[in-house]
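What follows is a set of notes on a single structure, which appears directly below.
The values are calculated or read from the model by the stated rules, or taken from the named source; none is laboratory data. In this text the structure is predicted, and so the values were computed from the model without any measurement. All Cβ positions, glycine included, derive from the backbone under ideal geometry; neighbour counts span all protein chains shown.
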């Protein structure tokens, strides 16, 4: 895709500095309406960065429970139009029958992960339990978070997008995805892992955003034992992480971080096979 569906646009702008107005340009992220359809049935329209769209299609489908495995999506087609982009997916017969039973149309503006949900019960669904004996050193986790900026290609150019990454002790950052929406970035990461037949069970999800309950729900569906973020969590995210068995690390800075739940997975000293 070209033109307005490029993930980054360069636009004219005037800069004010110390009383002077200077012409120039700035790189800014694109934001596009992305419709997700299944067997031609509409499901959701999300505002997203038009990049890594197949990852987004797969990750969103998994996190919404429309499919339970990547192979249940038979085909993905990316169709651009004047109004936006449609991600057309064809899913197995058994899955589309279940989908039709619970079909709903949802419009989600950037940063909104719960818009249009039919019921409070669905919004407050209990996360799957994460059981893991993983332990990582605090120093390794700090180093992993410090490695994120150099890998954030879109953010280096625009300074306006979120990132979600998967890190493994001893293996470093295995995948990273970016988007104007933090939920979208995590869905793209989930899709990238699924398409590579990778699991998040052996490492940590790293986030450049705050931690809300939806982010913990998505991480639990990935069976990630650790979630680390640069910003603080909400109280509901904390309670959900506690219930899900997830170690929630937040306010991560160069000199340390804060652990809010299941602190036993964070080792004080060095441990074997850390990155």
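Looking only at the stretch 38-77, how many residues end up being on the phi > 0 side of the Ramachandran plot and in contact with a helix residue (DSSP H, G or I) (Cβ under 9 Å, 6 or more places away or on another chain)?
Going residue by residue through the stretch 38-77, those that are on the phi > 0 side of the Ramachandran plot are 39-40, 52, 65.
If we keep only those that are in contact with a helix residue (DSSP H, G or I) (Cβ under 9 Å, 6 or more places away or on another chain) too, we end up with 39, 52, 65.
Going through the stretch 38-77 one residue at a time, the tally reaches 3.
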Item checked: Condition check for residue 79: surrounded by fewer than 17 Cβ atoms within 10 Å (Cβ to Cβ) and outside the structural domain of residue 216 (by TED's automatic domain parsing) -> yes
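Which is within 27 Å of residue 48 (Cα to Cα) and either touching a strand residue (DSSP E or B) at 6+ places or on another chain (Cβ under 7 Å) or surrounded by fewer than 24 Cβ atoms within 10 Å (Cβ to Cβ) (or both), of 266, 173? Break it down stepwise before answering.
Details: 266 fails: within 27 Å of residue 48 (Cα to Cα).
The unique qualifying residue is 173.
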Margin query: Please go through (1) farther than 14 Å from residue 59 by Cβ; (2) surrounded by fewer than 16 Cβ atoms within 10 Å (Cβ to Cβ); (3) at pLDDT below 95 for residue 210 and return the number of the only condition it doesn't satisfy.
Written below: (2)
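Here are some residues: 241, 204, 252. Which one is touching a strand residue (DSSP E or B) at 6+ places or on another chain (Cβ under 9 Å), surrounded by fewer than 24 Cβ atoms within 10 Å (Cβ to Cβ) and at pLDDT 95 or above? Show your work before the answer.
Numbers: 241 fails: surrounded by fewer than 24 Cβ atoms within 10 Å (Cβ to Cβ); 204 fails: surrounded by fewer than 24 Cβ atoms within 10 Å (Cβ to Cβ).
Of the residues listed, the single one that is touching a strand residue (DSSP E or B) at 6+ places or on another chain (Cβ under 9 Å), surrounded by fewer than 24 Cβ atoms within 10 Å (Cβ to Cβ) and at pLDDT 95 or above is 252.
Looking at 190, 185, 228 in this structure, which one is assigned to a strand (DSSP E or B), in contact with a strand residue (DSSP E or B) (Cβ under 9 Å, 6 or more places away or on another chain) and at pLDDT 95 or above?
On the way: 190 fails: assigned to a strand (DSSP E or B); 185 fails: assigned to a strand (DSSP E or B).
On inspection, the qualifying residue turns out to be 228.
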Check: Can you tell me how many residues in the stretch 49-100 are modelled with pLDDT under 95, under 22 Å from the mean Cα position of the chain (by Cα) and over 17 Å from residue 196 (Cα atoms)?
Finding: 3
Notebook entry, point to check: Quick one: is residue 165 in the same structural domain as residue 211 (by TED's automatic domain parsing), part of a loop (DSSP other than H, G, I, E, B) and under 30 Å from residue 47 (Cβ atoms)?
Noted result: no
Next item on the list: Kindly provide the set of residues from the stretch 11-37 that are within 30 Å of residue 84 (Cα to Cα), out of contact with any helix residue (DSSP H, G or I) (no Cβ under 9 Å at 6 or more places or on another chain) and in a strand (DSSP E or B), ordered by number.
Entry: 11, 12, 13, 14, 24, 25, 33, 35, 37
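Is it true that some residue in the stretch 183-192 is surrounded by fewer than 24 Cβ atoms within 10 Å (Cβ to Cβ), outside the structural domain of residue 60 (by TED's automatic domain parsing) and under 28 Å from residue 61 (Cβ atoms)? Talk me through it step by step, then tell me what you get.
Just the residues of the stretch 183-192 that are surrounded by fewer than 24 Cβ atoms within 10 Å (Cβ to Cβ), to begin with: 192.
Then drop every residue that is not outside the structural domain of residue 60 (by TED's automatic domain parsing), which leaves 192.
Then drop every residue that is not under 28 Å from residue 61 (Cβ atoms), which leaves 192.
Yes: the stretch 183-192 contains one or more residues that are surrounded by fewer than 24 Cβ atoms within 10 Å (Cβ to Cβ), outside the structural domain of residue 60 (by TED's automatic domain parsing) and under 28 Å from residue 61 (Cβ atoms).
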Note to self: Going residue by residue through the stretch 54-62, is there one that turns out to be surrounded by fewer than 21 Cβ atoms within 10 Å (Cβ to Cβ) and more than 23 Å from residue 127 (Cα to Cα)?
What the structure shows: yes
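Only residues that are in contact with a helix residue (DSSP H, G or I) (Cβ under 9 Å, 6 or more places away or on another chain) and either within 18 Å of residue 227 (Cβ to Cβ) or surrounded by 21 or more Cβ atoms within 10 Å (Cβ to Cβ) (or both): list them for the stretch 149-167, please.
Within the stretch 149-167, 161, 162, 163, 164, 165, 166, 167 qualify.
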Check: Being closer than 16 Å to residue 179 by Cβ, in a strand (DSSP E or B), within 14 Å of the chain's Cα centre (by Cα) and in the same structural domain as residue 88 (by TED's automatic domain parsing), is that true of even one residue in the stretch 40-47?
Finding: yes
